[in-house]
Amino acid sequence: MSLPGADLEFTYADGCWALPMNRPPVWRMEYRLQLRHRDGRVEEICDPGNDLRAPGAFGDKSVVEFPDYTAPRWLGTPPAGEFIDLDVPGVTARLWSPGDGPMPLLVANDGPEYDRLAGLTRFATWFDIPHRVALLQPGDRDDEYSGNPEYVRTLARDLLPAVRDLVPVEKPVVGMGASLGGLAMLHAHRRRPSLFGGLFLQSGSFFDRRLDPQESGYSRFGRITRFVSGVVRGGGRGRPIPVTITCGLAEENLANNRQLAAALVALGYPTGLVEVPDAHNYVGWRDAFDPALADLLRAVWEGS
């Protein structure tokens, strides 16, 4: 979570550790406590005084839900459908299907985590247009999702043909991803404009040298910034398709997501930017599925 200028050191007085702070611009706040032991060890734990937990890719976190937070209405939908493993070189992939016959296809980077932590196929079960979901799991995520042309070739040459060999696909394919997974979907579209008919990008790692100097030590920073700067300058290939971007109001990626959204609009993309009262986490991404993802899927699939 991005809390510029906030003092996050607890103080001890009258037998109690306390950290007064103003509420961030969120409906819910995930956090962990960092303990510094006398022997020099540093340990991160959930808050022992708060039983509410939120799942995450790197383990559970404590969470505070403020009074104005409401969980998505579709969470009560019973899981349905079946999973089929896809035999695709270079990527681990499963296809979720609610039934037989021709259907549209949604392709999700980090798909297994999206499903486990954000209930993606539960949302798909609830949604009113039956569709299949390809859940992609990367090998080396930092390499494959950071603007790597080989990953684009895997999608175009292997993954999508494998799905079409297995089931009939109708309507344009929609791609989605969060963080680096969102960057990878945009990169794939810009290199192969015919792959997707719509993109749902959540808190994309659209790093910029001016906006994101704190990321400059990341090993793929240069590759990412070269790609993003090309889009921002209006260069490269691309066929304008509907794009929805979501980003948390309390995360460092907000400025670069705003910049990227404006650049796509300038390039002629029908682009929506949804700023979510949350941070960089799967529950915040989940809570944006309705209406942001629902509206994008209807726009792409009902309009084609």
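The values are calculated or read from the model by the stated rules, or taken from the named source; none is laboratory data. Fair warning: this is a prediction, and the values are worked out from it, not measured in the lab. Here the Cβ positions follow ideal geometry from the backbone for every residue, glycine too, while neighbour counts run over all protein chains shown. For accessibility, only protein heavy atoms count, side chains too; no ligands or nucleic acids. Shrake-Rupley method; radii C 1.70, N 1.55, O 1.52, S 1.80 Å.
Could you look through region 30-58, keep only residues that are among the basic types (K, R), in contact with a strand residue (DSSP E or B) (Cβ under 9 Å, 6 or more places away or on another chain) and assigned to a loop (DSSP other than H, G, I, E, B), and pick out the one that is most open to solvent (accessible area, probe 1.4 Å)?
By that ranking, first place goes to R41.
Given (1) in contact (Cβ under 8 Å) with a residue 40 or more places away in the chain; (2) in contact with a strand residue (DSSP E or B) (Cβ under 6 Å, 6 or more places away or on another chain); (3) in a helix (DSSP H, G or I), where does V107 come up short, assuming only one miss?
For V107, the failing item is (3).
Does region 264-280 contain at least one residue that is under 14 Å from the mean Cα position of the chain (by Cα), open to solvent by less than 60 Å² (accessible area, probe 1.4 Å) and touching a residue at least 60 places away in the same chain (Cβ under 8 Å)? Even if it seems obvious, please write down each step before you answer.
Let us first name the residues in region 264-280 that are under 14 Å from the mean Cα position of the chain (by Cα), namely 273-276, 278-280.
Next cut, open to solvent by less than 60 Å² (accessible area, probe 1.4 Å) only: 274, 276, 278-279.
Filter once more, so that each one left must be touching a residue at least 60 places away in the same chain (Cβ under 8 Å): 278-279.
Scanning region 264-280, I find at least one residue that is under 14 Å from the mean Cα position of the chain (by Cα), open to solvent by less than 60 Å² (accessible area, probe 1.4 Å) and touching a residue at least 60 places away in the same chain (Cβ under 8 Å), so the answer is yes.
Quick check on P20: is it touching a Pro at 6+ places or on another chain (Cβ under 7 Å) and either outside any loop (DSSP other than H, G, I, E, B) or open to solvent by 60 Å² or more (accessible area, probe 1.4 Å) (or both)?
no
Scan region 152-180 for residues that are out of contact with any strand residue (DSSP E or B) (no Cβ under 9 Å at 6 or more places or on another chain), open to solvent by less than 10 Å² (accessible area, probe 1.4 Å) and not hydrophobic (A, V, I, L, M, F, W, C) and report the count.
So the count comes out to 0.
Please determine whether any residue of region 198-214 is acidic (D, E), closer than 27 Å to D278 by Cα, at pLDDT 95 or above and assigned by the TED database to the domain that holds N253.
Yes, because at least one residue in region 198-214 is acidic (D, E), closer than 27 Å to D278 by Cα, at pLDDT 95 or above and assigned by the TED database to the domain that holds N253.
Only one of R239, R210 is within 22 Å of V173 (Cβ to Cβ), part of a loop (DSSP other than H, G, I, E, B) and open to solvent by 40 Å² or more (accessible area, probe 1.4 Å); which?
Answer to the selection: R239.
Hey, N256 hits all of (1) part of a helix (DSSP H, G or I); (2) surrounded by fewer than 23 Cβ atoms within 10 Å (Cβ to Cβ); (3) of a type outside the set (A, V, I, L, M, F, W, C) but one; which does it fall short on?
Exception for N256: condition (2).
Just name the residue that is most open to solvent (accessible area, probe 1.4 Å) out of those in region 59-77 that are free of Cβ contacts under 8 Å to residues at least 12 places away in the same chain and among the small types (G, A, S).
That would be G76.
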